[in-house]
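Enquirer: Before we start, here is the structure in question, set down as structure tokens.
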Amino acid sequence: MLIYFGSKWESWVIFLLLYRFFPSLRGSAIIFRPETLVRWHRAGFRAFWRWKSRRRLGRPPIQPDIRALVRRIARENPLWVAPHIHGELLKLGINVAQSTVAKYMGRRTGPPSQGWRTFLRNHAPHIAAIDLFVVPTVDFKLLYALIIVRLERRVLVLVNATANPTARWVSQQITEAFPWNEAPRYLIRDRDSIYGLVFRRRLGAMGIRDRPIAFRCPWQNGYAERLIGSIRRECLDHVVVLGEQHLRQMLSEYAAYYNTARTHLALNKDAPVSRKTTPGR
């Protein structure tokens, strides 16, 4: 029997009357405070829902690696729906229900799209980028270095230097960089005035589509800008350029190192011109 024991005198009177007329209640009575009642209620609430949420017979749980695989397939193939993913899982020997695949593939917030990263990856073999940067010499003169890079494997196709860059000189570099049967489909460049009418006509004659970036948006030519940063940090920041011939020689040596030896995170830590693994001794 439970008796509420508060601080008011009425509770004492009730307890005394019960003890007067029913002395045997003394052995079965439990005296408690309000906070004790609240604690008991919370403990009972937890025990009730623990019992209600106990494991019952039904479908076996899906392994975490299978759930992760379903989400990965759905993320990397945004045009696939549950039946398609379910069929691929069956071909892999993973026997799950199609409703389970639909449950774990996640909801799409917008229409199916390949995304800009996938779009660029799909078109990278047909895109090249070009850019110029300035290099000071030992006598404080300015030389101009030109780079042309193909986006697919980050191959530095051409690097050259001159003291007087012109549209004809840049056009000649395009001709030397790409044979007529290996020219890219698109060329990304900035809006420098050196890429004038002569340059654009040369691109048109070679079947290359000119793609200038937006005004004051160098990030749109990010591959070339990043390559220029690598050339500065790894080469030019550690030497003093003596002249045009000296700069051209250093850039040629760096291009050979960059293409055949330097590894890239975006290429699974391989060089642009893939090299074989040499076991250490």
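Enquirer: Can you pull out the residues in segment 186-210 that are out of contact with any helix residue (DSSP H, G or I) (no Cβ under 9 Å at 6 or more places or on another chain) and in contact (Cβ under 8 Å) with a residue 24 or more places away in the chain?
Expert: Within segment 186-210, 191, 192, 207 meet the criteria.
Rundown of residues vs (1) within 23 Å of residue 258 (Cβ to Cβ); (2) small (Gly, Ala, Ser); (3) in contact with a strand residue (DSSP E or B) (Cβ under 8 Å, 6 or more places away or on another chain), yes/no style:
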{"site": "160", "(1), (2), (3)": "yes, no, yes"}
{"site": "163", "(1), (2), (3)": "no, yes, yes"}
{"site": "172", "(1), (2), (3)": "yes, no, no"}
{"site": "179", "(1), (2), (3)": "yes, no, no"}
{"site": "184", "(1), (2), (3)": "yes, no, yes"}
{"site": "188", "(1), (2), (3)": "yes, no, yes"}
{"site": "195", "(1), (2), (3)": "no, no, yes"}
{"site": "199", "(1), (2), (3)": "no, no, no"}
{"site": "203", "(1), (2), (3)": "no, no, yes"}
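Enquirer: Does residue 259 qualify as being at pLDDT 90 or above, more than 21 Å from residue 165 (Cβ to Cβ) and either polar (S, T, N, Q) or not in a loop (DSSP other than H, G, I, E, B) (or both)?
Expert: Values: at pLDDT 90 or above: yes; more than 21 Å from residue 165 (Cβ to Cβ): yes; either polar (S, T, N, Q) or not in a loop (DSSP other than H, G, I, E, B) (or both): yes.
So residue 259 passes the test.
Enquirer: Could you tell me whether residue 184 is closer than 20 Å to residue 235 by Cβ, assigned by TED's automatic domain parsing to the domain that holds residue 206 and over 26 Å from the mean Cα position of the chain (by Cα)? Talk me through it step by step, then tell me what you get.
Expert: On the way: closer than 20 Å to residue 235 by Cβ: no; assigned by TED's automatic domain parsing to the domain that holds residue 206: yes; over 26 Å from the mean Cα position of the chain (by Cα): yes.
Judged against the criteria, residue 184 is not a match.
Enquirer: Something else about it: Checking the structure you have, find out if any residue of segment 139-154 is in the same structural domain as residue 196 (by TED's automatic domain parsing), part of a strand (DSSP E or B), surrounded by 13 or more Cβ atoms within 10 Å (Cβ to Cβ) and touching a Lys or Arg at 6+ places or on another chain (Cβ under 8 Å). Full working, then the answer.
Expert: Step one: filter segment 139-154 for residues in the same structural domain as residue 196 (by TED's automatic domain parsing), giving 139-154.
After this cut, where a residue has to be part of a strand (DSSP E or B) as well, the list is 142-150.
Narrowing further to those that are surrounded by 13 or more Cβ atoms within 10 Å (Cβ to Cβ): 143-150.
Keeping just the survivors that are touching a Lys or Arg at 6+ places or on another chain (Cβ under 8 Å) gives none.
Within segment 139-154, none of the residues are in the same structural domain as residue 196 (by TED's automatic domain parsing), part of a strand (DSSP E or B), surrounded by 13 or more Cβ atoms within 10 Å (Cβ to Cβ) and touching a Lys or Arg at 6+ places or on another chain (Cβ under 8 Å).
Enquirer: Another question, then. Which of the helices (runs of 4 or more DSSP H) found entirely inside segment 1-91 contain at least 1 residues meeting this: modelled with pLDDT of 70 or more and closer than 30 Å to residue 101 by Cα? I'd like the intermediate steps shown before the answer.
Expert: On the way: elements: 9-21, 34-52, 64-76, 82-91.
Result: 34-52, 64-76, 82-91.
Enquirer: Looking at (1) in contact with a strand residue (DSSP E or B) (Cβ under 6 Å, 6 or more places away or on another chain); (2) within 19 Å of residue 77 (Cβ to Cβ); (3) basic (Lys, Arg), find the lone condition where residue 150 falls short.
Expert: (2)
The values are calculated or read from the model by the stated rules, or taken from the named source; none is laboratory data. In this text, all values refer to a predicted model and were calculated from it rather than measured experimentally. In this analysis, Cβ positions are derived from the backbone assuming ideal geometry, glycine residues included, and neighbour counts consider all displayed protein chains.
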